[in-house]
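Here's the structure we're looking at; comments come further down.
Nothing in this text is a laboratory measurement; each read-out follows from the coordinates by a stated rule. Keep in mind that this is a model prediction, so the values were computed, not measured. Here the Cβ positions follow ideal geometry from the backbone for every residue, glycine too, while neighbour counts run over all protein chains shown.
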Amino acid sequence: MNQQKNWAGNLIYQAKHWYEPRRVEEIQQLVKEASHVRVVGSRHSFNDIADSDDTILSLGNLNRVLAFDQEKQTVTIEGGMRYGELSSYLEERGFALPNLASLPHISVAGACATATHGSGDQNQCLSSSVRAMKVVTANGEIVEFSQGKNKEEWNGAAVHLGALGVMIELTLAVIPSYQVRQYVYEHLPFSQFAGHLDEIFSSAYSVSLFTDWSQEAMNQVWFKQLAGEQPPIRSELYGALPARANSHPILGVDSINCTEQMGVDGPWFDRLPHFRLNFMPSSGSELQSEYLIPRQYAMEALQVIRAMRSMISPILHVNEIRSVAKDDFWLSPSYQEDVIGLHFTWKDNWEAVQQVLPQIEAALAPFQARPHWGKVFTMPKERVQSFYEKLPSFRQLLAKYDSVGKFRNRFINHYIF
């Protein structure tokens, strides 16, 4: 087998066997025969959460829409479909998803399995759109999990880290299509941000702030506003001025990769992400970390990061700050509390990044900072486990559907068991 890598190229998968099945029956047979199995979608995890010492299944070939119910406002897709293709399908029929992550290149199943999110004070993680899913479990049988059938079990299954089985189908709730306009403001003084954090995050449907910590300011503030609302066209935002041209979150990178700004109305799927589907997202050569912090500690945590900026800035592309609404999913970092996400896009220098991460994690420890499951982090397992009060229930759920631990790997054994 040729060496298979993740999206960023920082991880070489260690699996002995790599399969790209085209039919569910193939998946069922492969699962039955394997000793251990993990699944990859768009390979956008930066750690070894999806790796295996035995078998990896890549679901890229299973990327169709299986059903669309306009009356119930649901869509059912195969487990390998990406948000970009799903968005185009829905838009053609006049429908949409309520939120998207910063790039549309990622698989729906993988994003939901790890509680990946977009931004917005009222927007939960992407898993919140899922209403049901079909999973091939350890014995090769298909089990359906549904929000309507068993709400408690659903809250455990919705963010499952790939440890329940192979997600072959997802049914998502959809809403009528909508238009979004995007504005960017530049050079928001940190002192002004500190005094107006809540006002800034509540001022649009989705808000992202970007800084490389090279100066005492947020480089950019991105507002994504529903087009039907009266736009608060402001000449300045607490000292930040409107951008005069389209921007890229990373200073100096061509904005052609990015979705349209300057207040131009456009479809939801071409405004909510920062990056366009057919272009390279972010910088391409990078590592990513993210820490989700209870909303009440947001400003204190950012002050701590600001104090470390001389250490962080030289190895950082950009730090994105977003808000995420609370949910009820057992392994979601926003379980039952609103959070602020501190997302670090690092330069591709693991030697330097792994020296800084423990210091960031130690500095953020007083603020209950939880790492994103699919990004790089160095936090001790005991610390990670302490954030999830429903972890014992999640272990019981896995034991029910995978008593032999077929879908466990080093990551799951370490952080969950």
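Data table
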| item | result |
| --- | --- |
| Selected residue [surrounded by fewer than 17 Cβ atoms within 10 Å (Cβ to Cβ) and in contact with a Phe, Trp or Tyr (Cβ under 9 Å, 6 or more places away or on another chain)] from GLU382, GLU361, GLU389, GLU351 | GLU389 |
| Residues being part of a strand (DSSP E or B) and not hydrophobic (A, V, I, L, M, F, W, C) - total across the range 245-275 | 2 |
| Residue match in the range 331-338 (condition: hydrophobic (A, V, I, L, M, F, W, C), in a helix (DSSP H, G or I) and buried (at least 17 other Cβ atoms within 10 Å of the Cβ)) | no |
| Residues within the range 57-72 that are part of a loop (DSSP other than H, G, I, E, B) and in contact with a strand residue (DSSP E or B) (Cβ under 7 Å, 6 or more places away or on another chain), tallied | 4 |
| Selection status of SER255, hydroxyl-bearing (Ser, Thr, Tyr) and touching a Leu at 6+ places or on another chain (Cβ under 8 Å) | no |
| Considering residues of the range 116-130 that are of a type outside the set (Ser, Thr, Tyr) and within 10 Å of ASP327 (Cα to Cα) only, the residue nearest to the chain's Cα centre (by Cα) | CYS125 |
| Residue satisfying condition, being surrounded by fewer than 23 Cβ atoms within 10 Å (Cβ to Cβ), free of Cβ contacts under 8 Å to residues at least 60 places away in the same chain and in contact with a His (Cβ under 8 Å, 6 or more places away or on another chain), within set ASN6, ASN63 | ASN6 |
| Inter-residue pairs, beta-carbon under 7 Å, first of a type in the set (Lys, Arg) and in the range 357-371, second outside any helix (DSSP H, G or I), 6+ apart | ARG370/TYR291; ARG370/LEU292; ARG370/PRO333; ARG370/PHE387 |
| Whichever residue in the range 9-30 is in contact with a Phe, Trp or Tyr (Cβ under 8 Å, 6 or more places away or on another chain) and assigned to a loop (DSSP other than H, G, I, E, B) and, among such residues, is surrounded by the fewest Cβ atoms within 10 Å (Cβ to Cβ) | ASN10 |
| Those residues of the range 379-408 which are without any contact (Cβ under 8 Å) to a residue 60 or more places away in the chain, within 23 Å of ALA111 (Cβ to Cβ) and part of a loop (DSSP other than H, G, I, E, B), in sequence order | MET379, PHE387, TYR388 |
